[in-house]
Amino acid sequence: MQIKLEHLNKTYTTKRASVTAVKDISLDFPDNAIIGIIGKSGAGKSSLLRLASLLETPDKGAVYYDGKRVDHLPKKELNRRRLEIGMIFQNFNLFSSRTAGKNVAFPLELAGWNRRDIDARVHEMLALVGLEGRERSPISTLSGGQKQRIAIARALAPKPSILFCDEATSALDPQTTHEILDLIKKIHANMNLTVVMITHQMEVVRDACQYVAVIDNGYVVERGTVSDVFKSPEHSVTREFLSNIRQKELSVESAIAYLQNQGYEVNKK
Ligand SMILES: Nc1ncnc2c1ncn2[C@@H]1O[C@H](COP(=O)(O)OP(=O)(O)OP(=O)(O)O)[C@@H](O)[C@H]1O
Ligand SMILES: [Mg+2]
């Protein structure tokens, strides 16, 4: 699915203040691509995602899926569109009272699938995310990485065309982050799926995305292919994100060099 955001604006008004979280944002997400949206805390990433995923309506501007306008749809049409959208979040948002299998089954029950098809699809999805046979596991018995795998299985069970990820790896350690990104890339390679990943980690953009948009203070301040933006970042916020990962890499390199000097053998993987 191709997604087009055109001049989106969103202001939230509370008793105390009024905040414009999304300011005149226009972006194109090509069909079947993996797109990263990066920005600091409070930049407006989640607000933008809620507009793109039709959870909220913009004050101004329009959202198009494959050229059809989809903001402000009537309820019935909106519910139909929602079946084309999968979402995963930082805190997994699983139902703790349901087993792993029943979590994956949930959107299929909503969509009116019959029991036999649901059981078969749940089995298939658990195998796809590397948790075969865990249908009956209570959510509380799963690790963070396993919970995110269940959330991915649940999001993709109804065969959506879009997967929105809001900080999906932010609660995970680096190794598990790597595994989850690999899983998303593997699934993406085998499905027709547009993936939009919101993150504040440049590593996620580098390791999983083809395109990137940098958001700051409600505005898009930079956009392009990941290789172009990494090669010649133009905005100071982009440069800051890039220098953060370079510093992390340098500190890993210097730690490895130190250990090697001390006579340790270091496996760089
Ligand atoms: N429902 C809401 N009501 C009032 N203000 C809101 C609402 N949602 C977002 N905001 C405000 O809009 C701005 C952008 O918030 P948003 O959650 O989109 O940022 P973010 O980039 O996702 O940040 P984070 O990385 O911390 O998740 C913030 O100032 C926030 O307080
Ligand atoms: Mg957010």
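Kindly indicate the residue of the range 152-174 that is assigned to a strand (DSSP E or B) and not charged (D, E, K, R) and also surrounded by the fewest Cβ atoms within 10 Å (Cβ to Cβ) among those meeting that condition. Don't jump to the end; show me each part of the working.
Of the residues in the range 152-174, the ones assigned to a strand (DSSP E or B) are 162-166.
Retained after the next criterion (residues that are not charged (D, E, K, R)): 162-165.
Working: Ile162: 22, Leu163: 24, Phe164: 24, Cys165: 29.
Among those that are assigned to a strand (DSSP E or B) and not charged (D, E, K, R), it is Ile162.
Do the conditions hold for Ala168, that is, is it within 16 Å of ligand 1 (Cβ to nearest atom) and hydrophobic (A, V, I, L, M, F, W, C)? Yes, satisfied.
For Thr14, are the conditions met, namely being among the polar types (S, T, N, Q), open to solvent by 40 Å² or more (accessible area, probe 1.4 Å) and at pLDDT 95 or above? Step through it out loud before you land on a result.
Working: among the polar types (S, T, N, Q): yes; open to solvent by 40 Å² or more (accessible area, probe 1.4 Å): yes; at pLDDT 95 or above: no.
No: the conditions fail for Thr14.
Please state which of the following conditions Asp173 fails to meet, knowing it meets all the rest: (1) in contact with a Gly (Cβ under 9 Å, 6 or more places away or on another chain); (2) closer than 26 Å to Asp66 by Cβ. Single failed check for Asp173: (2).
The values are calculated or read from the model by the stated rules, or taken from the named source; none is laboratory data. Everything quoted here is computed from the prediction, not taken from an experiment. A quick note on method: Cβ atoms are made from the backbone with ideal geometry, for glycine too, and the neighbour counts reach across all protein chains shown. Side chains are part of the model used for accessible areas, which takes the heavy atoms of the whole protein and leaves out ligands, DNA and RNA. Shrake-Rupley method; radii C 1.70, N 1.55, O 1.52, S 1.80 Å.
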